[in-house]
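Data block below; observations after.
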Amino acid sequence: MTRILVADDHPMIRTALEALLRDTDFEIVGIAGTGEATLREVEQLGPDILLLDLQMPGGNGMDVLRRVRAGKSKTPLKVVLLTAAIDDSALLEAKSLKVQGIVLKNSDPAYLLDCLDHVRHGRAWIDPELTERARLLTKVPATAGRVGLTPRERQLIGFVRTGLRNREIAERLGVTEGTVKTYLHSVFEKLGVSSRTELAIRAEEFLAEGLAGD
């Protein structure tokens, strides 16, 4: 049996999941209704798959995902997002954090079973409604490989990738926060990204291309 922890604060959704997974090869070993409770249950129960809602009190699903991925477990927890909606930023970040599955709550229940089956066998699965959107968001611009990065720009991207805020970056570089904002604006324009989140998610790609272009 594949052991599943359900993290969702809506009783109707939890009841529906219990009914859907009954008499299958999936066993619900725990249910959590808040972000904090989810993290506790992950630690105590050690499930095979975390079925995670994005909208929960006490730490939303993305917060939980970040903290789970920041852990030092030898066997990374498989995570499937079950959500009513997901914006572009969260979708990009979820992919960067190696989420194994994403299912929309308004989809056919068979999709969830298909997703869970893929994930337990080590394969990724994303809701068909999100597939094209995810592909376009992660598509590399044709000009990206021709962009040259300065050593300072590479250093700045590296700091953003590790999650440092402007104040912390300024301290590392020995400059003001205003200067860091100017640097970031320049990097955004050069690389064609629209947000700090997108820069962090695609940092490895940009750094590799910058080195290749030297």
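Would segment 121-129 turn up any residue that is out of contact with any helix residue (DSSP H, G or I) (no Cβ under 8 Å at 6 or more places or on another chain), surrounded by 13 or more Cβ atoms within 10 Å (Cβ to Cβ) and at pLDDT 90 or above? For segment 121-129, residues out of contact with any helix residue (DSSP H, G or I) (no Cβ under 8 Å at 6 or more places or on another chain), surrounded by 13 or more Cβ atoms within 10 Å (Cβ to Cβ) and at pLDDT 90 or above: absent. Output the residue which, of all residues in segment 19-32 that are touching a residue at least 12 places away in the same chain (Cβ under 8 Å) and either polar (S, T, N, Q) or part of a helix (DSSP H, G or I) (or both), is surrounded by the most Cβ atoms within 10 Å (Cβ to Cβ). If we take residues in segment 19-32 being touching a residue at least 12 places away in the same chain (Cβ under 8 Å) and either polar (S, T, N, Q) or part of a helix (DSSP H, G or I) (or both), then LEU21 is surrounded by the most Cβ atoms within 10 Å (Cβ to Cβ).
Determine, yes or no, whether ALA7 is modelled with pLDDT of 90 or more, in contact with a Gly (Cβ under 9 Å, 6 or more places away or on another chain) and over 18 Å from ARG120 (Cα atoms). No: the conditions fail for ALA7.
Scanning segment 187-206 for any residue that is small (Gly, Ala, Ser), over 28 Å from ILE102 (Cα atoms), modelled with pLDDT under 85 and not assigned by TED's automatic domain parsing to the domain that holds LEU21 turns up nothing.
Regarding VAL64, is this residue touching a residue at least 40 places away in the same chain (Cβ under 8 Å), part of a helix (DSSP H, G or I) and surrounded by 15 or more Cβ atoms within 10 Å (Cβ to Cβ)? Yes, satisfied. Quick one: in segment 97-115, of everything that is aliphatic (A, V, I, L, M) and closer than 26 Å to THR15 by Cα, which residue is surrounded by the most Cβ atoms within 10 Å (Cβ to Cβ)? The residue in question is ILE102. All of (1) in contact with a strand residue (DSSP E or B) (Cβ under 6 Å, 6 or more places away or on another chain); (2) modelled with pLDDT under 95 hold for ILE49 with one exception: (2). For segment 150-179, residues that are modelled with pLDDT of 85 or more, among the polar types (S, T, N, Q) and closer than 15 Å to ALA208 by Cα total 1.
Reported count of residues in segment 40-61, each being part of a helix (DSSP H, G or I), surrounded by 16 or more Cβ atoms within 10 Å (Cβ to Cβ) and not acidic (Asp, Glu), is 2. Among the candidates ALA84, ALA94, ALA90, the residue that is surrounded by fewer than 16 Cβ atoms within 10 Å (Cβ to Cβ), of a type in the set (A, V, I, L, M, F, W, C) and either touching a residue at least 12 places away in the same chain (Cβ under 8 Å) or assigned by TED's automatic domain parsing to the domain that holds PRO11 (or both) is uniquely ALA84.
The values are calculated or read from the model by the stated rules, or taken from the named source; none is laboratory data. Remember, predicted model here, so these are calculated numbers, not experimental data. Don't worry about glycine lacking a Cβ; one is built from the backbone with ideal geometry, like all the others, and counts go over all protein chains shown.
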